[in-house]
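A quick write-up on the structure given underneath.
Rule-based calculations on the coordinates, nothing more; no lab input. Bear in mind the structure is a predicted one, so any value in this text is a computation, not a measurement. Don't worry about glycine lacking a Cβ; one is built from the backbone with ideal geometry, like all the others, and counts go over all protein chains shown.
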């Protein structure tokens, strides 16, 4: 199999000497070009392998091409103005009949190639760790990461190989170009569940250092895997699987109902016994960069601005690739294109909002765009619910001082004066009458509109297009070394990228009880509720009603709308409503495809009143403010991603065997 042999890691491998040092909290990172079998027989080698498993998270979370795979084609994201031309952005959107995924034209390899090498590393750690004298609690981390990677693979591709050349789940030490895909049920019951059980049995409940996995992290992933597997066993919409001859039966003898209940029980257990984890007081607190690595983020791919070696990426420039954290670039529009005027009487262009390494900004690539329904339906409540304001940059403000523009007063819409910090462009909360998009007098360079008496240009929700739209604030970069200037906006973000959150436990339990139909278990403790889907969801919604800051106004805003949020929750919680809440909570975090595939909503409309295929957005021109209706061409075969063509080409197999190895929609 391609890329499953041992010489797998070039660049910086992190040798975690701190793992031997008890209370030491600082990484001692040593460059190493490869692992060898002899190296894995040493304590330092095993520990280095464990730390490499943490490092490989950077190749997955924050990887913009993988982000596009998991966001494109969903009810959150479509292709942007710079993502046209039939490339991977349109391919993964499924909205253009002549540009659909094949084995060769997509980015699914970002999952395949960034997991299998490290699965083999984890197997090497597991097989050699005890003999090298490494504690079981450390080896449990390798069990967790192997399960993590297989869980990612099975959700993306269906059944995948557990044998990399030396036997099922064995450490492979030589190049192997044969491969046999195991069934989905075998991947779950012989790899994911047992590995998570081993991790849970030996992991501590308290982090040995900031960011290390714990028992609760493994429990969260096991609950999520139980839920996903239960849906797969039930298969309510008759979605095809791979291998095609595989039956949807559980080798352990359980049915879907058993796994829904197991997911619920485990999620409730962690909610009641959270250890050091918990919900942040407000949604803003979860996502504001000054509060990164908070206790709601249970797992993340870490980055730092303190040291380029530790960051494993340049601190001044990013080329667009792993291991940078650059996901936020793809759905950041070219906001530096907007202009104001030097003159109060004759329009004289000046770029009043310039590219900055601040959370509201960052580097624009315009490869993806949000659909209009995100703003008119998903985030319809922008007053009580803080999550809209805590997700998007909706007001772009003058930063002429940081940009070194000497003139203190500039002129904007209606030739009204603006200064440092003034709003230059505002995306409105709702459509209002009287917006003039003609630009006949006030020369908006981005086709924005004008309202009488307002100095800021405006764009209504229905006027959003593929080239101008609100950015994703919560994923934006943050630096403390800008020194009053624009900083390094062309570098990848030095923020950690979230991979798992404590809040997910409430959604897992709610979804499981809706599907399972069993009696609820009352939740006691900090997050006390009746254990019903509504009770669990309302814990999240009540928190969403609490404000401490307004991003739109860049000012403190203390408000508690929890009662209104809870009152607005429907009496009967459906899967569609849970998915809508998940989108409000996790918009743009690179998980939406998995949500829709798991619940078998991908590409479907009118599911409990929710549409997941048809959407509207303006065209690619700045002047395009008329919504265009789009429909996605997603058939059940596209629920699985294609096995990368490079993997198939590298196999020593017949033409017929290679064809059979591929998922049916791409054969």
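A few comments on the model shown:
- Just so you know, the Cα atoms of segment 311-460 work out to an Rg and Dmax of 16.6, 51 Å.
- With coordinates expressed along the principal axes, the C-alpha atoms belonging to segment 438-527 extend over 64, 37, 25 Å, beginning with the largest.
- Percent antiparallel among DSSP beta bridges (both partners in the chain, rounded to 5): 90 percent
- Kirkwood radius for segment 441-485, taken over all pairs of different Cα atoms as the inverse mean of 1/r, rounds to 13.5 Å.
- Per-selection metrics, segment 513-667 (Cα): Rg and Dmax in Å: 21.8, 66
- Value of relative contact order over the chain, rounded to a whole percent, pairs C-alpha under 8 Å and six or more apart: 18 percent
- The listed peptides 144-153, 609-618, 529-538, ordered by packing as a protection proxy, come out as 144-153, 529-538, 609-618 (highest mean of other Cβ atoms within 10 Å first).
- Ordering 372-379, 408-415 by mean Cβ neighbour count within 10 Å, with the highest value first, yields 372-379, 408-415.
- Mean shadow area of segment 568-659 over all directions, Cα convex hull, nm²: 9.9 nm²
- Alpha-carbon Rg/Rh ratio, for segment 518-580, with Rh computed the Kirkwood way: 1.07
- Volume of the Cα convex hull of the chain, divided per residue and given in Å³: 146 Å³
- Angle between the chain longest axis and helix 215-234 axis [Cα atoms, degrees, rounded to 10]: 90 degrees
- Distance between segment 85-148 and segment 407-461 - C-alpha centres, whole angstrom: 46 Å
- Normalised by residue count, segment 393-451 yields a Cα convex hull volume of 92 Å³ per residue.
- At full extension, residue 247 and residue 44 could sit 68.7 nm farther apart than now, given 0.36 nm per residue minus the alpha carbon distance.
- Length gained on full extension, residue 653 to residue 566: 25.5 nm, using 0.36 nm per residue less the C-alpha separation.
- Within segment 361-427, the proportion of C-alpha pairs whose separation exceeds 14 Å stands at 70%.
- Contact order normalised by residue count of segment 157-229, Cα under 8 Å, 6+ apart, percent: 24 percent
- Solvent-free Debye scattering, log10 I(q)/I(0), computed from the Cα coordinates of segment 391-503 at q = 0.14, 0.17, 0.23 Å⁻¹: -0.71, -0.96, -1.31
- With the Kirkwood sum run over all distinct C-alpha pairs, segment 416-575 has a hydrodynamic radius of 20.1 Å.
- A full extension of the chain between residue 432 and residue 174 corresponds to an added length of 86.3 nm, given 0.36 nm per residue minus the alpha carbon distance.
- Sequence-separation-based contact order of segment 392-451, relative, with Cα cut under 8 Å and 6+ spacing, percent: 32 percent
- Relative intensity of segment 329-398 on a log10 scale, I(q)/I(0) at q = 0.15, 0.26 Å⁻¹, equals -0.64, -1.15, per a Debye sum over C-alpha point scatterers of equal strength in the absence of solvent.
- Take each peptide in 87-98, 466-477, count the other Cβ atoms within 10 Å of every residue, and average; sorted highest first, the result is 466-477, 87-98.
- The alpha carbon centroids of segment 612-667 and segment 507-547 are separated by 35 Å.
- Segment 84-204 shape via C-alpha gyration tensor axes, a/c threshold 1.5: prolate
- When Rg and Dmax are taken over the Cα atoms of segment 563-604, they come to 11.8, 35 Å.
- For segment 254-336, the alpha carbon convex hull comes to 207 Å³ per residue, rounded to a whole number.
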